[in-house]
Structures are given as C-alpha cells and as structure tokens.
Amino acid sequence: MSSGKRVLVVDDDVDFIDAIRLTLEAAGYEVAAVNTAEAALRVVRERTVNVAILDMMMEEPDSGAMVAHALRRRPEMKDIPVILVTGVTEQTGYRVVTDSPEGRALLGVDAWLDKPVDPQELLRKIEALTDE
Amino acid sequence: MSEGTGRILVVDDERGMREGCRRILESDGHRVTTAESGEEALGVFSKGAFDLALLDLKMAGMSGLELLLRLREIDPNVVCVMVTAYATLETAVQATKSGAYDYVAKPFTPDELTSVVDRALPLHWLRVEAAQARAEAERNLLLVATEQSRTRTIIQSMAEGVMVTNREKRLVLYNPALIKLLGMKSEAPELGEIPEARLFPPDLLSLMEEAYNRGETTMMSRELAGGPPSLAASIATIRDEAGESLGLVTVVRDITEAKSLQQRMSDFVSMVAHELRSPLGAIAQYLDVILNGITADNPEKEKQILARCRERTGALSQLVRDLLDLSRLQHLAKVERTLAPLRLGPLLQEAVSFAAQSAKARNVTITLEAACDLPSVDADREEMVRLFTNLVDNAVKYNRDGGSVLVAARQAGAAPGYVAVEVTDTGVGMPQGAIARLGEAFYRVRTAATMQITGTGLGLSICRQIIEAHHGQLEVESEEGKGSTFRVLLPRTQRPAGA
C-alpha cells in the first residue's frame, strides 16, 4: 500500500490539514503538513516532495499562489505538481481567477479543487499528477 | 369708478367757466375737482390721483402751458386737454406738441366738451396699462437678472465640476470645482477654446466626443481612468425643439469616497465568505474521513474528530452572533445611546463568572481586583458586559494551560477623569507588528500557538467599537510567549455616582 510518495499539504486550518492527512495516509502517502507559506518553502528546500496541495488563502490573500510561484522559480522544484485548493472563483490580488486552463496557467498550478475536497477526486488527481 | 368715467381736474381762472365744465362733466358721471390757478392746481393734483386735466391755456399767473409741463412731470400718465380761445389757436397747437392730448376752443358747447373728454380718457387708461406693463417687464427683467446671478452662484459653489460646451465644441462655461478636480493648477482654460488633452483628461475628451457623435443618447455616465481622485463624468446633450444638439453639459464628480466604501464592502464580504468557508470545509473534510471508514478502527480518533466538528459549528454560530453585533454597533454609532452611571465592580464580576467554566477546563485562574472607591462610568450596561466578557474570554482562550488572568480596575493614574480596566494574561502574546492590526475585522494573530484556537476575528473589532462609542480608549501591550495586557480607559461619570 505504501507508495512512498510524499505530499506537501499547506493550509492554515489545522482541522482541514488533519482530515487531509488522515485521508492521504490511509491511501499510503507520506504527508508533510504545514500551516504557512514560509514553512512550505522550508519543507521543499529540505525534503523531496512529489506533489503539493496548497490553499489559496492562508495568512494572506494569494499566499497559495505565492507558494506556487516560489516553487516554480526554483529549478529543482519547478516540476513539482501543484494542486490548488480553493473556491470555484477566487478574487486574487491579480484578478478574478476561475478554474480554467488560463486560470491554472496564471497561478502556475496543475489542478484546482474546491473546498471541501472530494477524497476520491483528490486521490485520483494526485495519482494522475505523480504517475509518470 | 364706473366704465368710461374718470377723475377730472378743471383749471380755469374764470369761475363761470369752471362751474360750467363741472356741471357738464358731473352729469356724465365724472368726478370733478376745480382749481382757479396753476398754483392751486398743482397742490390739488399732487394730493389726488387724476385721469384727465382740463387746462385753460391763458391764465393769470402760471400759464396753462407751464402747468401742463408741471403736471406731466408729476404724473406722466395724466391726459391733458387745453381750453383756449380762437385767438390763441397757435399756442394750443404748440401745447399739443408739449404733450397735451387735444384742445377745445372757447366758446364750446357741452357736446363738444364731452366728446373731447370721451376721446381723451381712454388714452389715459391705455397709458396706465402701458406703464403697468412696462413696470411689470422691468420687474421681470430684474427677476431674470437675479435668477441668472443665482444660477451662476450655484454653479460656482458646486462641489461637482461643471462645464458647458457649445455646438462647435467650444467652452462656454466652467466652474472652479472643475479646475480643482481635473488638477489644473495655474493654467485654467480660456472660454471659447476647444478643450484639449493638454488640460483635460483624454478619457473625458473621448467621452465628450462620443456624446457629440451619438445621435440619440441624452445622458452618458462613466468612471474616468486614473486618479486619485477617482472621477466620474456625466454628460447631458442639450437639444433644441427639433432635436438638434446645442451642446453638452458635462458634470465631473469625485467618487473616491464611494469607491473606497464599495471596496471595503466587497473586502468585508469576501472576508466573511472566507471565514465561513474555512470551518465548513474543515467540518466536511472531517466528516468525509469518518464516512469513508478511514478511522473505523480508531473510535478514539473518531470521537476527537466529532468533538472538533462540534467545536467548529459553535464557532460558526459565534461568527453569526458577532456579525449581527457588529452590524448593530455600526448602526448604533449613528444614534444617541442612553448612557447611565454604571458601577464597574459588579459588572466585571459578572464577566469573570461567564469565563469561569472555560477557565476551569484549562486550569486557568482568574483574579479580579476592583478598587473600592472606583468611580462609576456613563455607559450602556449590555455593551459593557459584552466588552469585558470578550476581553476576559480572550485572556483565557489565548492563555497557556495552568496560566492566570488578572482583571484590575482602578482610577487611571496617567489619565485623570478616566477609569482603567486592565485584563492581563500569561498567554501566547503577540508579535509587535500584530498589535497595530488588532481590531481590524477578521484579523487574527496567526502563529503556531494560535492555530488550534477557534475565533471569529471579530471580537476585538466589536470591543473597539464599543469603547469608541463610549469615548474611551484601548491600549494593548504584549510580549510574544509571555502574555498581553488589554487596557480599557473609560471616562468617569461627571457627577458623583448616586447623587
């Protein structure tokens, strides 16, 4: 059951993170969960991460997008798939972004899931993004 | 006075002549006054109003001609008829040139007299009517002038910028506000010139161009690019009866305030949406874990999850309460509160006892120290309970297990006339940068230590509103990891309590 793949989960809601951790661990993933964008960057510097799940709005608006952006700028991290967890439409500092190819490209994310996340859909997405 | 009859002055130095005329004219219904000399006539004339004067041309003393001129000076509407002998016919002609209406030659028959009077009187009434019409016209002109100056004053003192351009697109009028809003310093535009991009925002010019070109629209409104200040322009096309455009009236107004209000509203709504979505998302995510059987073999964990879900729904209910409170406070800010002298001691006791249960659960001790000579404050009791309950609640919530809370009330040493209530905790404290942001709606200090603590981020916002409404002050001191002190200063009752 153990895939050995590590998932980084970044969200400022401890309960949400706990629920996602339980869901992912039950599916055999290793989970690194942090509460802030800063902590997320620390994790990816120190450890291998196979996929990152980011909340769009943490301590600041757009912080999820900022993490995604920071990941994309680092050569060794630029290939980490990013799943953004947020509402269907999000008023960001840039513009109103929707879940569309353009919206995902603008924010530098590979997938977009609404909160609350359907556990089966989350697992399918992670599998698709980490299965090369 | 009936139709066709008038008030007539008869001036003649021959008594028989005077009385003869009076009898004839009075029998026709006229009212007649007589005078035997020009001097007497002037005195009578200036006292009463006469429609017609019958003047003997040749009198001793003041001549009829001179009297004619003097009478017309006093009342230009009076109609004068000269009475003369054939011998002085030439003089009579001269008199008509000087403003007499007609003459009648002596000796005359009663019919000749009445017919000349009947011809002359209508002239008087025409003159009076004309004079009245003239006076009316003058009054109207004055009104128009007043109206114009009033309109000018209104336009000059308007906060909105106003500009009128004619059919040829040339400036006809503008007011000082326009110059100010468009940020023109010394180089105000000349009347008669066509507004150019050198002085006017291109956006405004293109909107005007559009208004000139568009046939049907009579009113266009648009926000202008750029700023601050944020400007909006409304343009009305003025048309003649045939619908031809005569020009534009352009009004420019500052919408900075409205826009920032709109922005604050929209920020607030998205913050509320976020605050609702986080707990709902967490609760749903947890319930999915249980429903998917992930924790089926760990009843302890399931119970913990359900307890957290219950706690989060409690926080959601609190959020709804806080939002309603905040909206009530903002509404109340506009109306006068009824403030009554209030003793803070018993009230603080109440606030402390509300927090007792949650304090016990965390093993936090609460101590209340209220000076016995504490002056009362003029306050709304319910709001004071809310204020101090919030502060004591926070002091427990953000405390460490086994910590303590001290609630101390005394006369403010540094601020005479104020009562100070301090709520000090031994909790997580705050980074310096966070203190300035306290009281912002939904702002919560987010550190590792506060992650597990549920809150709406509205509590202090509500506290601040209550304190401000009571003309008080909130001071915060805090050290991260050590604890915080929230100091509320409230003005003491002006008269002694109970007096």
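The values are calculated or read from the model by the stated rules, or taken from the named source; none is laboratory data. Predicted model only: the values in this text are computed from it and were never measured. Cβ placement follows ideal geometry from the backbone for every residue including glycine, while neighbour counts extend to all protein chains displayed.
Would you say residue B:246 is within 30 Å of residue B:316 (Cβ to Cβ) and either at pLDDT 80 or above or part of a loop (DSSP other than H, G, I, E, B) (or both)? So residue B:246 does not fit the description; no.
Candidates in the stretch B:268-304 are the residues that are aliphatic (A, V, I, L, M) and at the interface with chain A (Cβ under 7 Å from one of its Cβ atoms); of these, the one that is nearest to residue A:17 (Cα to Cα) is B:282.
A quick yes/no check of all residues on (1) assigned to a loop (DSSP other than H, G, I, E, B); (2) modelled with pLDDT of 80 or more:
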position	(1), (2)
B:401	yes, yes
B:424	no, yes
B:440	yes, no
B:445	yes, no
B:462	no, yes
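Note on the stretch B:297-307: residues that are of a type outside the set (Val, Ile, Thr) and surrounded by 12 or more Cβ atoms within 10 Å (Cβ to Cβ) total 5.
When residue B:367 is tested against the conditions (1) loosely packed, with under 12 Cβ neighbours inside 10 Å; (2) under 30 Å from residue B:269 (Cβ atoms); (3) touching a residue at least 12 places away in the same chain (Cβ under 8 Å), the lone failure is (2). For beta carbons closer than 6 Å, sequence separation of 6+ or different chains, a first residue in the stretch B:252-275 that is of a type in the set (A, V, I, L, M) and a second that is at pLDDT below 85, the qualifying pairs are B:271/B:442.
Yes/no matrix, rows are residues, columns are (1) outside the structural domain of residue B:316 (by TED's automatic domain parsing); (2) farther than 27 Å from residue B:322 by Cβ; (3) modelled with pLDDT under 95:
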site	(1), (2), (3)
B:265	no, no, yes
B:269	no, no, yes
B:272	no, no, yes
B:279	no, no, yes
B:284	no, no, yes
B:287	no, no, no
B:290	no, yes, no
B:293	no, yes, yes
B:298	no, yes, yes
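Could you please let me know if residue B:297 is among the acidic types (Asp, Glu) and under 23 Å from residue B:391 (Cβ atoms)? When the stated conditions are applied, residue B:297 does not pass them. Filtering the stretch A:11-30 to residues that are under 12 Å from the mean Cα position of the chain (by Cα) and more than 8 Å from every other protein chain (Cβ to nearest Cβ) leaves A:11, A:17. Residues that are without any contact (Cβ under 8 Å) to a residue 12 or more places away in the chain and away from every other protein chain (no Cβ under 13 Å) were ranked within the stretch B:305-320; the one that is nearest to the chain's Cα centre (by Cα) is B:320. Scanning the stretch B:279-304 for residues that are over 59 Å from the mean Cα position of the chain (by Cα), acidic (Asp, Glu) and not in a loop (DSSP other than H, G, I, E, B) returns B:300, B:302.
Filtering the stretch B:308-337 down to residues that are closer than 24 Å to residue B:289 by Cβ and loosely packed, with under 12 Cβ neighbours inside 10 Å, which residue is modelled with the lowest pLDDT? Among residues in the stretch B:308-337 that are closer than 24 Å to residue B:289 by Cβ and loosely packed, with under 12 Cβ neighbours inside 10 Å, the one modelled with the lowest pLDDT is B:317.
Does the stretch B:284-295 contain at least one residue that is surrounded by 14 or more Cβ atoms within 10 Å (Cβ to Cβ) and more than 19 Å from residue A:118 (Cα to Cα)? Scanning the stretch B:284-295 turns up no residue that is surrounded by 14 or more Cβ atoms within 10 Å (Cβ to Cβ) and more than 19 Å from residue A:118 (Cα to Cα).
Exactly one residue out of B:87, B:95, B:145, B:100 is of a type outside the set (Val, Ile, Thr) and at pLDDT 80 or above, and it is B:100. Scanning the stretch B:108-159 for residues that are more than 21 Å from residue B:84 (Cα to Cα) and free of Cβ contacts under 8 Å to residues at least 24 places away in the same chain yields a total of 31.
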